[in-house]
Amino acid sequence: MMNMIVSLPSWQIIRTLGIASFVLLTVGICLGIAHGFPQLTGKAKKRVYKLHTLLTNGGTVLGLLHGAILVIDAYMPFAWSEVLIPFTAKQHPILNGLGTLAAYAMLLLIFTSDIRHKLGRKIWLAIHLLSYPIFAAALIHGFFIGTDTQQLPVRMMYLASFAAVAIMTGARAAVRRYPDRPQTRSAA
């Protein structure tokens, strides 16, 4: 059994899991931003929320596998401490540390989303806004340490992901700043 595990193309698996994780997290964050648009209501809002949750949870699981498989990689194995303790990796400690921090922060986001009714909206939202620095950490980690970033399609994927999140964030901010309907105050 161990020979079979060691003979797997672990480096290809690690790379694929990392890219797939990043793509799922990017689409997940975009859907999370879209969920906040006031124009989205009813069943469509529920579907967007479910898909947002599915993709971000799935991206987190793939990201955790991406890190865990580094321990069995024959080409450049990592010690568990290098995977679990940020900034301790022998190779690219800062870039690897950003990946570790992003993984921990995603677990925090998922956990606090599961208990948001106990936290209250303001606290939950403050924690959930960590999505942006998490995305930035994952982007920097993948773009600068990913061996596939040398390939134009992968580089373009990272740039398109950044653009998508930036555009969605800008659109969401614009909707908040300039709502379609004038706000009316009720006389009390």
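The values are calculated or read from the model by the stated rules, or taken from the named source; none is laboratory data. What you see is a predicted model, and the numbers here were worked out from it, not measured in a lab. FYI the Cβ positions are ideal-geometry reconstructions off the backbone, even for glycines, and counts take in every protein chain you see. Ligands, DNA and RNA are excluded from the accessible area calculation, which covers all protein heavy atoms including side chains. Shrake-Rupley method; radii C 1.70, N 1.55, O 1.52, S 1.80 Å.
Looking at the stretch 86-104, which of its residues are without any contact (Cβ under 8 Å) to a residue 24 or more places away in the chain, in contact with an Asp or Glu (Cβ under 9 Å, 6 or more places away or on another chain) and not in a loop (DSSP other than H, G, I, E, B)?
So in the stretch 86-104, the residues without any contact (Cβ under 8 Å) to a residue 24 or more places away in the chain come out as 86-91, 93-94, 97, 104.
If we keep only those that are in contact with an Asp or Glu (Cβ under 9 Å, 6 or more places away or on another chain) as well, we get 88-91, 93.
Pro93 - this is the single residue of the stretch 86-104 that is without any contact (Cβ under 8 Å) to a residue 24 or more places away in the chain, in contact with an Asp or Glu (Cβ under 9 Å, 6 or more places away or on another chain) and not in a loop (DSSP other than H, G, I, E, B).
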Q) Would a scan of the stretch 77-85 turn up a residue that is of a type in the set (Gly, Ala, Ser), open to solvent by 40 Å² or more (accessible area, probe 1.4 Å), out of contact with any strand residue (DSSP E or B) (no Cβ under 7 Å at 6 or more places or on another chain) and assigned to a helix (DSSP H, G or I)? A) yes
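Out of the stretch 120-147, which residues are of a type in the set (A, V, I, L, M) and either surrounded by 15 or more Cβ atoms within 10 Å (Cβ to Cβ) or not in a helix (DSSP H, G or I) (or both)?
Matches in the stretch 120-147: Ile127, Leu129, Leu130, Ile134, Ala137, Ala138, Leu139, Ile140, Ile145.
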Q) So which residues in the stretch 105-118 are without any contact (Cβ under 8 Å) to a residue 12 or more places away in the chain and crowded, with 16+ Cβ neighbours inside 10 Å? A) none
(Q) Quick check on my filter: what residues within the stretch 28-51 are in contact (Cβ under 8 Å) with a residue 24 or more places away in the chain and surrounded by fewer than 18 Cβ atoms within 10 Å (Cβ to Cβ)? (A) Gly36, Phe37, Pro38, Gln39
